[in-house]
Each structure stands twice: as C-alpha cells, then as structure tokens.
Amino acid sequence: MSQTEIQPTQNIKNNPKIMKAWAVYDWANSVYSLVITSTIFPIYYSIITTAYEKKEFVQETGRWIDVPVRHMITILGKEYQPDAVYGYSLTISFLIVVLLSPFLSSLADTIGNKKSFLQFFCYLGATSCMGLAMFTGMHNVFLGLLFSITASVGFWGSLVFYNSFLPDIATRDRQDALSAKGYVYGYIGSVVLVVLCLVLIMFLAKGEEQKLIFTRITFLLTGAWWFGFSQYTFKHLPQFGDVKEKLPKDLVLLNYKNIFKRHEEQGGFFEVLKDNISFYKDIAKESFKELFKVGRGLFKDRNLKFFLSSFFFYSVGMQTIFLMATLFGKSEINLAQDKLIGTLLIIQIEAIIGAVIFSRLSRKIGNKNVISIAVVLWIVACIWAFFLNKENPTVEYQFYGVAAVVGLVMGGLQAMSRSTYSKLLPENSMENTTFFSFYDVLEKMAIIVGTFVFALFIDKYDTLIRIFAKIDVVLPSASGMRFAAFSMAIFFFVGLVLIRFLEVPKVKNMDTL
C-alpha cells in the first residue's frame with residue numbers, strides 16, 4: 001500500500017495532488033457521457049435502426065422534408081419503437097445500479113477498498129464501450145443494447161464511489177470549486193475526444209460504409225481513453241473504509257486468484273465458499289437496512305429533506321433530457337449528423353462556462369438561488385422543446401436555442417447539486433460513502449422514473465392522443481418525444497418549489513474556480 005493510501009483522512013484534505021487526481025477521473029470518464037450517451041452512439045443507433053427516409057411535402061411551408069422510417073424491434077412477439085426500446089434499456093441499467101450500489105458501497109466500507117470498487121466499475125464501463133464496436137446492424141441490435149446497459153452500469157456505478165470521495169479530500173470551503181473543477185475537466189476532456197472522433201468520421205472516412213466502421217472505432221477509443229487516464233486517479237487517490245477485523249475467508253474478496261486455491265488450512269474450498277456466501281448475504285441485508293436508516297436520518301434534517309426531495313424531482317428532468325436529447329434531435333427534428341454533433345459540442349463548451357459561472361455566482365447569491373435559476377431555465381427549455389415542429393422552416397434554429405439554454409445550466413446544476421449536498425452532510429463523517437450512495441440511489445431512481453416515463457410516452461403516444469381527444473384536447477400527431485419533453489417540465493417545477501425551502505449554511509472564504 002502506498003504512503004498516500006495509509007494517511008489518515010484529516011492529513012489528505014485539500015492536498016493538491018489528491019484533489020487533482022480526483023478531478024482527473026472526470027476527465028477520464030466523461031467521454032462516456034458525451035460519446036456514448038450524448039452524441040455518437042445515439043446517432044449511430046438511430047442510423048442502424050432507420051430503414052430508409054421518405055420525402056413528405058408540407059403544404060404550409062411549400063417544402064419537402066425527409067422523414068425517417070424506423071425498423072421496429074420485436075420483443076416477445078410485440079413490436080416496439082427503437083427509441084422507446086433505447087429508453088427502456090437505460091431504465092434497466094439504472095435499476096441495476098440502484099440494486100447494486102447500496103450493497104457495494106457497504107461492502108467497500110466494510111473491507112476498506114472504496115477505490116477498488118471505483119476501479120472495477122471503471123473497467124466494466126470502459127470495456128463495455130469497446131464492446132459496442134461489435135454492434136454492426138439490426139441482426140445484433142440486442143448485443144448493442146446489452147453493452148449499452150453494462151457501460152451505463154459501469155459509468156454510474158463508479159460515480160457512487162467517486163462522488164463519495166469529495167468530502168473526504170476537501171474541506172467545505174473548497175468543495176464547490178473542486179466539484180466544478182471536476183466537471184470542467186470532464187467537459188474539456190470529452191470535447192477533445194469527440195473532436196478527434198469527428199475528424200475520423202467526417203473527414204477521414206470515405207463513403208457511408210467507412211463512416212460506420214470509423215464510428216465503431218470511436219467506441220474503442222472511448223473505452224481506451226477512460227481506462228488510460230483513470231490510471232492517474234488510481235495511482236494517487238487514497239483508500240477509505242472502516243475495515244472490520246473479522247472478514248470472511250479469502251475466496252472471492254476481489255481477488256480472482258483465491259478461487260483456484262484449495263483452502264485446506266481453512267476447511268476446504270466449499271467451507272470457504274459457504275463462509276463467503278454467508279458474509280455477502282449479511283452485507284446485503286445490512287446494506288439495505290443501513291440505506292433506509294440513513295435515508296430516514298437524512299430526511300429528519302430539515303435542509304436535507306427539502307434538498308433531497310427537490311434534487312429527486314429536478315433530476316428526473318435533467319438526467320432524462322441529457323440522456324434522450326440526441327435521439328430527440330435526430331428522430332424529432334431529423335437534424336443532420338454533423339449539425340447535431342456540432343450542437344452537442346457547443347453544449348459541452350457552454351457547460352464548462354456554466355459550471356464556472358454558477359460556482360462564482362454561488363458565492364454571491366448562495367447555492368439555493370443558483371439552483372433555482374438553473375431549474376427555471378430548464379423549465380423554459382422543456383416548454384420550448386414541446387413547441388418545436390420539424391415542419392417549421394426555422395425549427396433548426398429553434399433547436400439551437402433550446403440547446404443553448406440546456407448547455408448553460410447543465411454543468412452548473414450538476415456541480416452545485418453535488419457540492420450543496422456535500423455541505424449539508426455532517427463534517428468529517430466516516431459514512432460519506434453511505435451518504436453518497438443514498439444520493440446516487442436517489443438520482444438513479446429519478447432517472448428510472450424519467451427514462452421510463454419518456455419511453456412510455458413515445459411507445460403509448462397514440463393512446464394518449466385518443467384519451468385527450470375525449471376531452472376535446474388535440475395533441476400534435478407523431479410527436480411523442482415532444483410531449484415527453486414537456487412532461488419533464490412538471491418535475492422541474494416541483495423541484496423548484498421544494499428547493500425554495502432550503503437554508504444552506506454560509507461558508508466563509510469560499511474557494512471558486
């Protein structure tokens with residue numbers, strides 16, 4: 001174990017090298033968010049699941065527009081819209097994270113290897129990104145969806161442990177700045193890689209077939225980037241955890257080599273296996289019991305109750321729109337690939353600026369007001385998205401306007417949410433992994449609700465049209481995505497009301513970016 005890992009918690013707070021190592025993980029893993037979640041993979045998925053494009057004449061504008069006709073995906077004999085299936089697959093991935101993260105965070109605290117779990121999920125996500133290169137057509141669409149799910153589990157699972165390091169390595173006066181710094185690193189790193197990927201796809205590839213091949217190469221690059229740059233983090237970030245004296249016999253405690261031992265000195269292989277199974281069962285029971293206990297304790301605190309309630313509702317909207325935005329631009333607006341990726345790159349650059357602005361603004365007007373401003377702007381973006389219509393000749397520029405609003409508030413709200421929660425927690429607590437596990441579980445539950453609602457509106461939109469027709473309300477035809485985007489505004493509004501009850505303690509001499 002290195003000297004960095006054995007230092008007590010109080011000696012590593014505000015250590016520049018450790019804080020930099022923590023922020024660098026954002027640089028490493030954020031390429032997943034941009035390449036796989038936001039830009040290249042959703043566009044690739046849309047292209048693969050599109051059968052052909054047909055021309056339609058719009059009487060109001062006197063223009064012909066291209067309308068994509070999609071391959072339906074058959075599951076258990078029933079056909080589904082591919083965008084709905086993608087939304088449901090995201091719901092499944094977050095459900096897995098919700099079920100795993102309390103158990104794993106409790107296990108990490110028990111055996112003292114929080115960083116090891118961060119590494120495991122990092123490697124799961126990175127290798128899954130590379131696996132997406134094997135998704136080549138409708139004949140193996142479920143393979144692509146499987147790797148999409150495991151990449152999502154790897155990314156979000158790693159964040160459970162990554163976020164919990166924040167109060168361990170920084171004092172409260174530096175948490176806003178460090179949280180924002182991590183997001184800035186992430187946005188810059190992801191933009192750099194996407195630019196490299198765009199050079200491959202848009203300039204070096206010759207013909208549509210080679211573009212698809214080079215697109216799959218970008219999935220390999222994303223996994224390699226994530227894996228490679230995370231090594232700096234793992235080298236300098238310390239281990240944390242309340243290590244118990246009595247651990248199970250050493251069969252499978254994150255060391256695959258132990259599986260091949262005979263364990264004669266410990267009663268044999270099956271005795272050790274039995275001991276491990278019993279240990280993990282106890283951990284599972286205790287972890288969920290502890291999660292509910294922590295949740296009840298956190299909600300007894302007035303400020304944490306209002307913050308976490310607000311965070312849940314606005315996360316439903318924020319994370320769902322972030323995950324589905326590219327498919328919205330491709331399927332609903334039918335924006336060209338280069339324009340769509342260019343727009344999303346601008347959003348990332350804006351998000352860097354937004355994270356810096358909101359970090360500095362929090363020092364002047366407080367976290368509560370900064371979060372409130374961001375949520376109001378999100379509501380504006382949702383309502384605006386509902387009124388986008390591909391038959392309108394200015395729809396492309398309107399989409400850019402919505403993207404500009406989203407880009408400005410996305411980074412700021414994410415950074416302020418993480419640091420605000422960190423400020424509200426007990427200082428110098430050894431339960432930060434559990435606290436942040438609850439925070440992450442709550443966020444994932446919000447995403448489960450959001451992605452499910454979004455996918456359901458796409459899948460069942462025809463039914464909604466008939467229901468609203470009975471009360472003489474006419475919904476736009478074939479606009480399930482627009483209606484789904486509008487529904488997110490309701491969640492943002494509830495979050496806005498709840499955040500106004502928050503009273504964030506003032507921190508003197510706050511550091512900013």
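The values are calculated or read from the model by the stated rules, or taken from the named source; none is laboratory data. Remember, predicted model here, so these are calculated numbers, not experimental data. Please note: Cβ atoms are built from the backbone with ideal geometry, for glycine as well, and neighbour counts cover all protein chains shown. Areas reflect the complete protein model, heavy atoms only, side chains present, ligands, DNA and RNA absent. Shrake-Rupley method; radii C 1.70, N 1.55, O 1.52, S 1.80 Å.
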- Query: What shape does region 12-156 have by the C-alpha gyration tensor, where a ≥ b ≥ c are the square roots of the eigenvalues, rounded means a/c under 1.5, and otherwise prolate means a/b greater than b/c and oblate the rest?
  - Reply: prolate
- Which value, in debye to the nearest 20, gives the size of the charge dipole of the chain about its Cα centre, when Lys and Arg are +1 and Asp and Glu are -1 at the Cβ? 860 debye
- Show that you can apply the helix-only estimate: for the chain, add -39,500 (n - 2.57) for every DSSP H stretch of four or more residues, divide by all residues, and state [θ] at 222 nm to the nearest 500. -24000 deg cm²/dmol
- Kindly identify the chain as rounded, prolate or oblate by the Cα gyration tensor criterion: order the square roots of the eigenvalues as a ≥ b ≥ c, call it rounded if a/c is under 1.5, otherwise compare a/b with b/c, prolate if a/b is larger, else oblate. prolate
- Task: Could you let me know the centre-to-centre spacing of region 260-334 and region 435-484, using Cα atoms, in angstrom?
- Result: 24 Å
- Put +1 on the Cβ of each Lys and Arg and -1 on the Cβ of each Asp and Glu in region 45-197; which of GLY157, SER190, PHE117 then has its Cα farthest toward the positive end of the dipole? PHE117
- Compute the distribution of all C-alpha to C-alpha distances in region 329-388, in bins of 10 Å from 0, and list the percent of pairs in each, rounded to whole numbers. 19, 37, 31, 12, 1
- Message: Past 18 Å, Cα to Cα: identify those pairs from LYS390/LYS460; LYS17/LYS181; LYS330/LYS390; LYS20/LYS444; LYS20/LYS181; LYS54/LYS460, in the order given.
- Response: LYS390/LYS460; LYS20/LYS444; LYS54/LYS460
- Could the peptides 45-53, 309-317 be put in order, highest first, of the mean number of other beta-carbon atoms found within 10 Å of their residues? 309-317, 45-53
- Quick one: order PHE142, PHE306, PHE41 from most to least accessible surface, probe 1.4 Å. PHE142, PHE306, PHE41
- Task: With a 10 Å radius around each residue's Cβ, average the other Cβ atoms per peptide and rank 172-178, 207-213, 284-290, highest first.
- Result: 172-178, 284-290, 207-213
- Ordered by packing density, taken as the mean number of other Cβ atoms within 10 Å over each peptide's residues, highest first, how do 225-233, 332-340, 151-159 rank? 151-159, 225-233, 332-340
- Item | Global geometry of region 356-469, whether rounded, prolate or oblate, following the gyration tensor of its Cα atoms and the 1.5 cut on a/c | oblate
- Query: If you average the sequence gap of Cα pairs under 8 Å that are 6 or more apart and divide by the length of the chain, what percent do you get for the contact order?
  - Reply: 26 percent
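Using DSSP H assignments, which helices in the chain have an axial alpha-carbon span of 18 Å or above and a mean Kyte-Doolittle hydropathy of 1.0 or higher?
Membrane-span-like by this criterion, though nothing is claimed about a membrane: 82-111, 141-164, 367-386, 432-459, 480-499.
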- In Å, descending, principal axis extents of the Cα set of region 289-411: 53, 35, 22
